[in-house]
Amino acid sequence: MIFGNKGKPRFLDAVTGFEAAVRERDADRSQQYFQDMHRYFGEAAGTEFHQAGPRLAAVLDEVPPGPRATVAVIVGACVERGADASLCGPHVLAGLAGTLDGAREFCVRWAATGGGDFPDPEAEEPHEGLFDRVGPEAALAWLTLHQWEMAAVAMLNHAAVRTALDAGARAGLLQALRAVEEASGHDFKCLAYALLVLDDEPLVVLHRPTGTGYAMRMTGIGDNFQLHTLLADVLVGGGHLPGRAPSAEEAAVCRDQPGQVDTTGSFNLVTPSGDWVWNEGTPSDIPVVDGVRLLVLDPPPYERSRPAGRFFPHMRGDLVLERVLDEGEAGRLLTGCVAKDG
């Protein structure tokens, strides 16, 4: 670690100065310490990130709207380096909620003032006349939403943050995000998928060819590619079903190890009504039947190769088998499931 002249960590010094300047509403000092945080971030040690993340999160709503999103990104980067997401998450998600409201207002005003292609939030220079056209608050919300997405996903990578977010708040964020996506045509897939992640979620899986069934529980699974590999690992690798079991490495990168490994699909994922559950979707696509998500496994119609891994590389995922359904229970459930050709 590189230290300043007095042997103190320079990034944390910058954070301390920034906190004080923000609370004293000193714009010049805030700007100076803001620049210092960027300058010294790369040389900071883990203990600095642990302290800085929660402290910066706590002053987020006092930071002016312009730099606020960038500070939120710094908080997210601190969390990725070990800061407590439980302490940072509520502040970042509150900022996200306000930004989504502002972005929705932006979409309304943009359409009401002539419409046209939406401004590129990541362009070097803002769209000419943007702030006059829709107002500064709405414009800033649109221009910074991608930064809030990054910061929020860093929080939502952690199960403690996801489980602390009540269902109503999560639904509100998703509804606001979908409204912005629909109105703007812009895709915020990472944020949407992070908000859709299920934790400690019961899942009943029926294997149509063998007539068997399994009560399972899933946590932190970002997409159905990841779920597919874990299903094959637990059920085929565990000796419950015939077929190709993923290697230990393929399964590990879908749980908590970095990287991706090539794999081949073992099943076709299907709803009880016979519709495909696309690998590109999320486990939230699996329908709830009598209070529990119910998934049917059919043989794959053709061999499908893909990389095994996690949609969210920093999110730990898992799927566990709780019990094997008895033959009668599995049979009754399968009786109500439709098999469609193709």
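The values are calculated or read from the model by the stated rules, or taken from the named source; none is laboratory data. Because the structure is predicted, anything quoted here is derived from the model rather than measured. Quick reminder, even Gly has a Cβ in these numbers, built from the backbone with ideal geometry, and neighbours come from all protein chains shown. To get the accessible areas, we keep the full protein, side chains included, count just its heavy atoms, and leave off ligands, DNA and RNA. Shrake-Rupley method; radii C 1.70, N 1.55, O 1.52, S 1.80 Å.
Remarks
- Accessible area per residue for segment 280-342, computed on protein heavy atoms with a 1.4 Å probe, is 59 Å².
- Once the C-beta distance of ARG323 and THR210 is scaled by a Förster radius of 22 Å, the resulting FRET efficiency is 0.85 to the nearest 0.05.
- Atom-type composition of the exposed protein surface of the chain places 51 percent of the accessible area on carbon and sulfur (1.4 angstrom probe).
- Per residue, the accessible area of segment 37-120 comes to 42 Å² when a 1.4 Å probe rolls over the protein heavy atoms.
- With the charge dipole of segment 89-241 set up from +1 on Lys and Arg Cβ and -1 on Asp and Glu Cβ about the Cα centre, the Cα lying farthest toward the positive end among the listed residues ALA112, THR144, LEU227 is that of LEU227.
- Here the chain is treated as a Stokes sphere of Kirkwood radius computed over C-alpha pairs; at 25 °C and 0.890 mPa s its diffusion coefficient rounds to 110 µm²/s.
- Scaled to the globular estimate 2.2 N^0.38 Å, the Cα spread of segment 191-302, given as radius of gyration, is 1.00.
- At an R0 of 51 angstrom, the distance between the Cβ atoms of ALA20 and GLU280 translates into a FRET efficiency of 0.60.
- Only the Cβ atoms of Lys and Arg (+1) and of Asp and Glu (-1) were treated as charged; on that basis the dipole of the chain about its Cα centre amounts to roughly 560 debye.
- Rounded to the nearest 20, the Cβ-based charge dipole of segment 92-231 about its Cα centre (Lys and Arg +1, Asp and Glu -1) stands at 760 debye.
- Here the translational diffusion coefficient of segment 139-194 follows from Stokes-Einstein with Rh set to the Kirkwood radius across Cα pairs; for 25 °C and 0.890 mPa s it amounts to 207 µm²/s.
- Segment 104-261 has equivalent-ellipsoid semi-axes of 42, 16, 14 Å, by the square roots of 5 times the alpha carbon gyration tensor eigenvalues, sorted largest first.
- The chain: calculated mean residue ellipticity at 222 nm from DSSP helix runs of at least 4, using -39500 (n - 2.57): -15500 deg cm²/dmol
- DSSP beta bridges in the chain [antiparallel fraction, %, rounded to 5]: 85 percent
- R0 of 51 Å, Cβ-Cβ distance ASP117-ALA160: FRET efficiency to nearest 0.05: 0.80
- Principal axis dimensions, largest first and in whole angstrom, of segment 71-146 by Cα: 45, 24, 16
- In this simple spin-label model, placing a label point 7 Å from the Cα along the Cα-to-Cβ direction at both ARG81 and GLN35 gives a separation of 2.1 nm.
- Simple label model, 7 Å out from Cα along Cβ direction - THR335 to ALA94, nm: 5.4 nm
- Spin-label model distance (nm) - THR47 vs ASP256, 7 Å beyond Cα toward Cβ: 2.6 nm
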